[in-house]
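Note sheet for the following structure.
The values are calculated or read from the model by the stated rules, or taken from the named source; none is laboratory data. Bear in mind that the values here come from a model prediction, so they are computed numbers and not experimental data. Every residue, glycine among them, receives a Cβ derived from its backbone with ideal geometry; neighbour counts consider all protein chains shown. The accessibility values were calculated without ligands, DNA or RNA, using every heavy atom of the protein model including side chains. Shrake-Rupley method; radii C 1.70, N 1.55, O 1.52, S 1.80 Å.
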Amino acid sequence: MGKIIDSLKEFWCKWRGGAPCDTDVEELRTLFRARYHNFKLLLNANNKALEIMADLEGAVRSSRPIAMSFVKANCTAVSVNVFKMVKNLDELAPGKYEELYSRFRDIEGAINQLLSQKRPVVGEELVLSLRDVHADMADQVGSKMGNLGEIRNRIGLPVPPGFVVTSRGYQHFLEASELQAEIERLLQSSSADELDELYDLSAKIQQLIIRSPVPDDLQEAITVAYRKIEEEVRPGVRVSVRSSALGEDSAGTSFAGQYRSELNVSAEFLFDIYKEIVASKYGLTALTYRRNRGIRDEDIAMCVGCMAMLDAAAGGVMYSRNPMDVRDDAIFINAVWGLPKSVVDGSVDPDLFVVSRSSPPTILKKTIATKERMFICYPEEGVCRLETTADQGQAPSLSDEQAISLALMATRLEDYYGSPQDIEWAITADGTIYILQARPLQQIERDKASLPERNDRARDREPALLDGGVTASPGVASGEVYIVRKSMDALRFPEGAVLVATQALPGWAALLHRAAAVVTEHGSITGHLANVAREFGVPGLFGLAGATSSLKPGDVVTVDADGRRIYAGRIEFLLEQSKTPKEPRRESPVHNVLREVSQHIVPLSLLDPDGQDFKPKKCRTLHDITRFIHEKSVHEMFNFGKEHHFSERSSKQLVCEVPMQWWIINLDDGFREDVDGKHVALSNIICVPMLALWEGIVAIPWQGPPPVDTKGLMSVLLEATTNPSLDPTLRSKYANRNYFMISRNFCSLTSRFGFHFSTVETLVGERDMENYISFQFKGGAADFQRRLRRAHFVGDILSDYDFRVEVREDAVFARLEGRDQEFMKARLRVLGYLSMHTRQLDMIMSNDAAARNHREKIRRDLHSVVPGGRSEEQGSDTVALPH
């Protein structure tokens, strides 16, 4: 029944006016607004998706550090925006492209599978005794505690008794309070590119962890393990509590000093300290270290080791080889009185013993520093810093025999592991040497042969501001001096500055990725900061007295860590000669994931809109989906003008001096003021693209049809007799009328000039990526060959003005998109001009000379319509006509 009513209604409308039945103007406006709204949402999502894809592609090619939160956040964002595009295209053309939903789900699933990969948790024990641990259990207990178990149980060197809370225990702690999901949310929602933002993020996550309770069964397991240490040592024994995160103490990523350790902890506070060590995974230094090394947060389970606390008489760090020279096989030992803490945190200048690898070993060099402070254990809990007496501070902290014993231990560990070792040790009052930590030592290859000549040349040519210290990390760099005395100073540290500090504290490692060089008044090559500086390739000069008082903030200096000198200004020959070829970038775990997920996002294989493969099921990536949707969305918008009729009752006639009829329907906000009558003045129109078209239409008056030769006239007469649609005597109310549908930024023009039909659909505004022009031109009174040549004639002109052109039979299809507003307006003026001035040119298209003359005239005219003309001058005005 509905179809019958519609047919009667159609017949009634045709009987009254001969036109198709008109859509009510308000209904038409409502339809347009809904479609226009979805189209703009689609384009906005497209813009965002393409921006994110560009960011991801840039990150894949870049060597800059990438955080896993960046990868996850951008993958989520691009997926959200592509889904919005799918949904909005479905609103524009309901049910027409449903297959896009399944393709999107398949691609998104592949991306999520890559992002959700996690290191499997090994073992079921929450806590393990150190006597049951060995190096092969690094995935369960971390490398630090795994190595200590190996040293104790298989190598047979002294290690304090202890236990380790495993990766399973860590996972259990997080799951019990549902911490992991909240931590991931905080990481993903924060861009945290600046240090102050990272500081806030770090504080939020650490507080979240510290406030969470330790599960009862984990507390019980820790308590049982602690009781066993009491049985082995003494009741109430204090313990050291140290991080043993997965990946820590491994080759190339030592995490030196990036996590927290607590010394001399009582059983009463053991659970609280455990949570603080776990929370230190998200300390500022650890966050920046992981980001700069490209390490995924989910790959780091924070195991925690506990060992009986030693009341050390002396302690320190030793290297089984020289970290600054792969050719130097001597053992380097740094030692201080009391606990080794002041060596690893760089707060005291330690004694240096260099021991040969000969048999028996001999001391090659001994440098005794003035050790003004030492750390010892409080009787109750914790550690304190004491001032040493003058005699003790200047006395060697090791005897020669102890130094040789340590050297023998170092060579034994190196021989066992098969690589140079970085070893922390302590000596108790009874003279027993304990190993507290052992990890691979990173060595640096240097051309030492050229250093003396270079250093002599620098001394001869340039006076030094400061001279001395020790080379903690080799190289030469220049930058402005920035003195860091407290944590707040670090938050303002500028890119490329020279970091100057009193002590070589591990906390300053968070700045190394921004620093040109690092200079400290205290510290040694065995400290944590020196270790990380070498990993990052940042020149370091430590133990340089007077650095903070002699160097002025903001002054540009050159730090020659190799020559152990600092110069005023930039010393170009030093900087040039010290350049070392960059090693190929090692693919970090984060970069590997980024590269893999990008393969499902960035590549574009759907290139030809007219090809057989341009269909939803051929979309392989999110980029393919955006390409398909963008193409089809413009097509669906363009169909709006075709699918909806309107009449004089729903439109206004334009008052103008052009001898043609122009009718306008205001779809939304195309008029400056509402119009009650039948006519609208041009001054009342504020549609950006229509006004640009109109400027082209009226720019140069049409002088009438070109002179036609006999062949051209006969062609027109023959075509008119064989094609009834071209009979000018047939009455049609649309024969010489042109229709605009407009809003402020949208315009659809349907026009017929005699036998020629053209349509323009365009959106032009301030958002470049939303802008597009779609143009179609067809018809003519001459024979097909002449119309075909005229189509190529018009297409060539449009190609000159940056349109993407396709000629099918005698029809021209042209597209332009993604350019700024002024550029688009200029191209609309070109279309306006061509709409008027290419009429009836088909009749002269068999005459090459006439065609060239008209091409030259149009070229001159367009130079005045669009000053500056084409993007690229073509260099020839010859018209190539198809035959």
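Tabulated values for the structure
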| quantity | calculated |
| --- | --- |
| Prolate/oblate/rounded label for segment 81-138 (Cα gyration tensor, a/c 1.5) | prolate |
| Cα-based shape type of segment 276-429, given that a ≥ b ≥ c are square roots of the gyration tensor eigenvalues and the cut on a/c is 1.5 | oblate |
| Kirkwood Rh, Cα atoms: Rg over Rh of segment 106-221 | 1.07 |
| Stretchable slack from residue 153 to residue 327, in nm (0.36 nm times residue separation minus alpha-carbon distance) | 59.4 nm |
| Length added when fully stretched, residue 808-residue 555, from 0.36 nm per residue minus Cα-Cα | 84.2 nm |
| Solvent-accessible area of residue 778 with every protein chain in place, 1.4 Å probe, in Å² to the nearest 10 | 100 Å² |
| At R0 = 45 Å, FRET efficiency that the Cβ-Cβ distance of residue 394 and residue 232 yields, to 0.05 | 0.75 |
| Spherically averaged projected area in nm², based on the convex hull that wraps the Cα atoms of segment 236-341 | 8.1 nm² |
| Efficiency of FRET between residue 493 and residue 657 - r from beta-carbon atoms, R0 51 angstrom, step 0.05 | 0.15 |
| Simple spin-label estimate for residue 617 and residue 444 in nanometres, 7 Å along Cα-Cβ | 6.1 nm |
| Rounded accessible area per residue of segment 306-448, 1.4 Å, Å² | 41 Å² |
| Radius of gyration and maximum dimension Dmax of segment 358-423, Cα, Å | 16.0, 44 |
| Å² of accessible area per residue within segment 58-195, as computed with a 1.4 Å probe and no ligands counted | 44 Å² |
| Contour minus Cα-Cα distance for residue 373 and residue 54 (0.36 nm per residue) | 109.4 nm |
| Solvent exposure, largest accessible area first (probe 1.4 Å, DNA, RNA and ligands not counted), of 751, 358 | 358, 751 |
| Accessible-area composition of segment 499-629, carbon plus sulfur, in percent [1.4 Å probe] | 49 percent |
| Per-pair calculated FRET efficiency, R0 = 51 Å: residue 568 and residue 363 via Cβ, rounded to 0.05 | 0.85 |
| Shape call, segment 494-551: gyration tensor on alpha carbons, a/c limit 1.5 | oblate |
| Per-residue SASA entry for residue 197, accessible area with 1.4 Å probe, Å² rounded to 10 | 80 Å² |
| Span from the segment 27-61 Cα centroid across to the segment 372-437 one, whole angstrom | 64 Å |
| Probe 1.4 Å - accessible area at residue 801, Å² to nearest ten | 10 Å² |
